[in-house]
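Please treat every number below as a calculation from the coordinates, not as lab data. Bear in mind that the values here come from a model prediction, so they are computed numbers and not experimental data. Cβ coordinates were reconstructed from backbone atoms using ideal geometry, including for glycine residues, and neighbour counts include every protein chain displayed.
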Amino acid sequence: MNLLVIFFLLMVFVSNLLLYLSFNFDNRISYLILTLLICLNFYLYKRQKKNYEQPKKEVSAEEHPIIKAARERLKK
């Protein structure tokens, strides 16, 4: 988590520096900023999507707690 915060602060610093350069020196640097932000968004979106797509273990009816309790009662 600490690495992500450092990475985020570094990206904010670089984007602000590039934005400053684009306003003061050359407007073409703003295209570089836009490209970097788009790439960063795609990377973060894919990373976030990958975290949510972990296969979930499906619980069968045999493993349900109510069915287990009923089986234990009927065995007595």
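Just a few scattered comments:
- The slack between GLU62 and LYS75, meaning 0.36 nm per residue of separation minus the straight C-alpha distance, is 3.2 nm.
- Kirkwood Rh in Å, taken over all unlike Cα pairs in the range 2-75: 16.8 Å
- Highest average packing first - 67-75, 35-43, Cβ atoms within 10 Å: 35-43, 67-75
- Dipole orientation for the range 2-75: of the candidates LEU17, ILE33, ALA69, ALA69 has the Cα lying most toward the positive pole (charges on Cβ; Lys, Arg +1; Asp, Glu -1).
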